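A quick write-up on the structure given underneath.
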Amino acid sequence: MTSGDGSNGGGAGGQGKLPRKRFYRARAHSNPLSDSHFPIPISPDEVDLSQHYPRYFPSGEGEGCQGDAAVPRIRFADVGCGFGGLLVGLSTLFPDTLMIGMELRDKVTEYVKERILALRASNPGKYDNISVVRTNSMKYIPNYFRKAQLLKMFFLFPDPHFKEKNHRRRVISMQLLDEYAYVMEVGGIIYTITDVEELGEWMRSCLEKHPLFEAIPEEEIKADPVVKLLSTATEEGQKVARNGGQTFQAIFRRISLQE
Amino acid sequence: MEDAAGVEEAEVGGGAAEFAPALVAAHPLGHSVAVAVGPELRVFDLTAGSAVSLSDNSGGGSHSDAIRAISFSANGVLFASAGDDKLVKVWMTDSWCCIRTITSEKRVSAVAISNDGTYVTFADKFGVVWLVTMGESGGEQEPTDNKPVSIFGHYCSIITSMKFSPDGRFIATADRDFKIRITSLPKKPLKGAHEIQSFCLGHTDFVSCIAFTCLSEGPSFLLSGGGDSTVRLWDYINGCLLDTYQVRDKVGELLEPNETEDSNLSVADICPTNDGSLVAVAIQSLNGVMLLACDLIAKKLSFLKVVTTEKCYIPTSLSSSFSADLLWTVMGASNMPNQATSQLCTRLKIIPHFKKDPLAGCDHVPAVLEDSEVPHGEKLLLALQGSLDIAKQEEVLASVLAALKVSMHKMLVKKHYSEERREQRKRGRNDKKIKKAGNEYLTCNVLLWQEEYLQHLRSPVCRLHLICSPVEFHRKTMQFELDLDGILFPGSKNSSLMRKGNDRELEFIPNPGEDG
């Protein structure tokens with residue numbers, strides 16, 4: 001009842017006014033292990049792109065013509081996109097690439113949705129390539145993306161889950177990297193950043209151990225325009241910068257298996 | 001009161017999930033057949049015609065809780081059993097001696113032996129797949145302390161079935177999250193199996209069983225059955241769904257309408273013939289076995305016939321060997337109430353001529369063997385069923401059936417709660433608890449105030465500050481946060497909400513220095 005009012009109030013950004021975060025109060029965390037009660041596509045074929053990118057898929061014809069090489073596909077995924085800062089930053093940097101943010105907290109997803117709609121309304125012709133979906137990416141990545149579909153995956157400031165018994169809730173793990181490797185094209189890049197040293201080490205060591213990923217040389221990382229966005233585009237990144245905190249990045253490339 | 005109901009429900013659920021269905025596995029060359037019910041493993045030697053007494057050289061204990069998975073290796077040399085007691089036991093089938101007992105950290109839900117018998121893999125309740133090397137064959141493997149290593153996992157989902165592909169290149173695993181994952185088995189699997197070949201996605205409920213099938217010398221395919229009452233045929237290399245057979249279409253005609261109403265026609269088990277032409281399907285409410293013709297050239301599944309059995313016999317597990325054309329079916333459950341443990345209820349039935357006869361068509365209906373026609377007769381039934389007169393205990397079988405339905409449902413089906421129920425649960429959370437009496441009143445008062453305040457500010461922001469005892473303040477603030485999620489910013493110092501003399505009244509005081 002009341003929360004309905006709240007999101008309406010916040011959703012007033014439909015005419016190009018940016019939504020205000022205060023109307024999308026959310027918890028800091030959501031349990032990734034619990035059974036989900038939101039709709040999940042059974043397979044990537046069922047992902048309705050026309051809903052997400054109306055300008056690329058006018059009048060819902062996006063569903064009919066799968067397998068057509070000309071049909072654009074989602075290429076970037078921001079896992080745990082939070083309030084969507086990175087998506088907005090990337091949108092103009094790669095204006096022809098479809099990208100999606102995945103977020104488990106419903107209020108936050110609503111916010112990003114409104115934010116994108118508002119950005120589209122106030123900047124015609126821009127921001128048509130980004131969208132957001134509420135989902136549990138730890139469980140349902142293969143339901144959204146086909147094999148080798150993604151060029152970039154982002155994991156910015158994920159929950160640290162310090163306790164050892166909660167390590168399985170971490171979004172980067174040997175197990176989950178298998179799935180990320182599956183949806184990524186060979187040569188694709190996985191970007192991780194955190195302000196928690198322990199987690200940074202964990203993510204780096206998982207990626208180093210994983211046979212389907214290899215570290216990207218330092219000079220290449222420096223030349224990558226995306227890397228700058230990791231610490232500047234997101235709320236979390238800005239917060240860390242404000243507090244003068246340190247960040248820990250691990251940027252790895254998907255390679256094919258060498259046996 | 002709602003809380004009490006919730007607890008009760010949970011308790012019932014916890015108990016019911018403990019029923020484990022009886023399992024059957026036939027030796028691939030037809031030498032023996034094994035039945036598992038509860039912690040008991042019963043084996044009958046078909047060549048010698050006698051019951052086998054198991055021996056144990058592994059130094060581990062025997063099974064002490066329900067066995068959840070049994071499997072022969074492809075050549076029949078090894079046999080593995082595993083279950084809720086977290087033990088994985090590997091047996092030599094010539095002597096039926098246990099050569100290895102592996103302790104798992106969690107309950108085991110699936111077990112498989114690689115085609116060459118080098119590895120045993122098992123999956124635990126958290127969806128992690130573990131691998132152990134058997135014997136000395138892995139010479140160039142790095143020395144291990146023979147502990148199981150985790151090689152991959154389904155993210156926190158129960159793995160219901162695990163099989164190696166006929167060519168040994170892949171492991172297929174199915175889970176309750178509707179998924180089937182096909183993983184490449186690397187040359188050195190002790191380092192983990194990280195490369196996913198494909199996902200077979202299409203089931204709209206849990207996947208209960210998978211089985212590889214192939215034409216002789218031809219490519220192989222994957223069959224799967226699940227809680228959505230479908231049997232599906234997959235090109236597993238590419239993760240393509242080739243055909244779906246909805247068993248409800250036919251079963252609906254056979255059963256009384258009230259039996260299908262609960263829509264519980266989950267596929268319990270599937271078993272293909274070794275020539276790939278047929279697949280037998282056990283369905284949760286069907287007394288009998290459904291036979292589907294499996295055309296691997298046209299890539300179609302089609303209904304052939306239903307072999308019906310007596311009213312109460314609803315098989316829980318199916319198996320057949322490569323050599324003989326017998327389909328072994330079993331029904332039973334562990335932990336049945338009012339049942340002595342020495343009398344674990346099992347019923348075994350055999351369907352002969354389990355192969356496709358292209359000429360016979362439908363006039364040659366294989367019937368279930370009568371107890372007197374079973375090979376080795378009473379001896380075999382006594383060994384595998386544990387008793388001969390189970391056939392007469394209709395009500396026992398009926399209770400087994402009911403228990404299994406509930407248990408499968410509780411364990412595998414995702415719970416769906418209404419929006420209302422979820423809200424209720426949220427309210428009941430410990431950290432949000434507040435005395436019932438004041439609660440509703442406070443909430444509605446605040447709502448009222450909020451509206452006034454909205455007008456006052458001409459903005460939908462409402463900042464409230466409760467003034468009362470510190471403890472109360474804390475709790476009420478929390479409550480507001482919950483009830484007015486997304487609107488309230490309690491604790492803000494710009495305004496205050498005064499409590500008047502009695503407990504139930506609140507007064508709103510805008511701060512003079514308020515931003516307007």
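Name, by its number, the condition in (1) surrounded by fewer than 22 Cβ atoms within 10 Å (Cβ to Cβ); (2) modelled with pLDDT of 95 or more that does not hold for A:ALA121.
Of everything listed in (1) surrounded by fewer than 22 Cβ atoms within 10 Å (Cβ to Cβ); (2) modelled with pLDDT of 95 or more, A:ALA121 misses just condition (2).
Please enumerate the residues belonging to region B:163-195 that are farther than 20 Å from A:PRO41 by Cα and facing chain A (nearest Cβ under 10 Å).
If the condition is that a residue be farther than 20 Å from A:PRO41 by Cα and facing chain A (nearest Cβ under 10 Å), then B:THR183, B:SER184, B:PRO186, B:LYS187, B:LYS188, B:LYS191, B:GLY192, B:ALA193, B:HIS194, B:GLU195 are the ones that fit.
One residue is enough: does region B:188-211 have a residue meeting the conditions at pLDDT 95 or above and within 16 Å of B:ASN115 (Cα to Cα)?
The answer is yes; a qualifying residue exists.
Residues checked against (1) without any contact (Cβ under 8 Å) to a residue 12 or more places away in the chain; (2) buried (at least 23 other Cβ atoms within 10 Å of the Cβ); (3) in a loop (DSSP other than H, G, I, E, B); (4) in contact with a Cys (Cβ under 9 Å, 6 or more places away or on another chain):
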| position | (1), (2), (3), (4) |
| --- | --- |
| B:LEU29 | no, no, yes, no |
| B:SER58 | no, no, yes, yes |
| B:SER62 | no, no, yes, yes |
| B:GLY76 | no, no, yes, no |
| B:ALA80 | no, yes, no, no |
| B:SER95 | no, no, yes, no |
| B:ILE99 | no, no, no, no |
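If we scan region B:215-224, do we find a residue that is in contact with a Leu (Cβ under 9 Å, 6 or more places away or on another chain), within 12 Å of another protein chain (Cβ to nearest Cβ), not in a strand (DSSP E or B) and not hydrophobic (A, V, I, L, M, F, W, C)?
Within region B:215-224 (the criterion being in contact with a Leu (Cβ under 9 Å, 6 or more places away or on another chain), within 12 Å of another protein chain (Cβ to nearest Cβ), not in a strand (DSSP E or B) and not hydrophobic (A, V, I, L, M, F, W, C)), the answer is no, since none of the residues qualifies.
From the residues in region B:196-212 that are of a type in the set (Val, Ile, Thr) and buried (at least 23 other Cβ atoms within 10 Å of the Cβ), which one is nearest to the other protein chains (Cβ to nearest Cβ)?
By that ranking, first place goes to B:VAL207.
With the condition being closer than 28 Å to A:ARG73 by Cα and among the charged types (D, E, K, R), I'd like the strands (runs of 3 or more DSSP E) fully within region A:160-259 carrying at least 2 qualifying residues.
Passing ranges, in order: A:248-254.
Quick check on region B:328-339. Is at least one of its residues among the aliphatic types (A, V, I, L, M), touching a Lys or Arg at 6+ places or on another chain (Cβ under 9 Å) and modelled with pLDDT of 70 or more?
Yes: region B:328-339 contains one or more residues that are among the aliphatic types (A, V, I, L, M), touching a Lys or Arg at 6+ places or on another chain (Cβ under 9 Å) and modelled with pLDDT of 70 or more.
On the given criteria, is B:ASP249 surrounded by fewer than 23 Cβ atoms within 10 Å (Cβ to Cβ), touching a residue at least 12 places away in the same chain (Cβ under 8 Å) and assigned to a strand (DSSP E or B)?
no
Suppose we keep only residues that are of a type in the set (Ser, Thr, Tyr) and within 12 Å of chain B (Cβ to nearest Cβ) within region A:147-191. Which one would you say is nearest to B:CYS240 (Cα to Cα)?
A:TYR182
Filter region B:300-332 down to residues that are more than 17 Å from B:PHE72 (Cβ to Cβ) and among the hydrophobic types (A, V, I, L, M, F, W, C) and give me whichever is surrounded by the fewest Cβ atoms within 10 Å (Cβ to Cβ).
In this case the residue turns out to be B:PHE303.
Determine whether region A:174-181 contains at least one residue that is out of contact with any Phe, Trp or Tyr (no Cβ under 7 Å at 6 or more places or on another chain) and either surrounded by fewer than 19 Cβ atoms within 10 Å (Cβ to Cβ) or more than 30 Å from B:SER198 (Cβ to Cβ) (or both).
Taking every residue of region A:174-181 in turn, at least one turns out to be out of contact with any Phe, Trp or Tyr (no Cβ under 7 Å at 6 or more places or on another chain) and either surrounded by fewer than 19 Cβ atoms within 10 Å (Cβ to Cβ) or more than 30 Å from B:SER198 (Cβ to Cβ) (or both).
Quick one: is B:VAL289 in contact with a strand residue (DSSP E or B) (Cβ under 7 Å, 6 or more places away or on another chain), surrounded by 24 or more Cβ atoms within 10 Å (Cβ to Cβ) and more than 14 Å from chain A (Cβ to nearest Cβ)?
yes
The values are calculated or read from the model by the stated rules, or taken from the named source; none is laboratory data. As the structure is a prediction and not an experimental result, all values here were calculated from the model. Quick reminder, even Gly has a Cβ in these numbers, built from the backbone with ideal geometry, and neighbours come from all protein chains shown.
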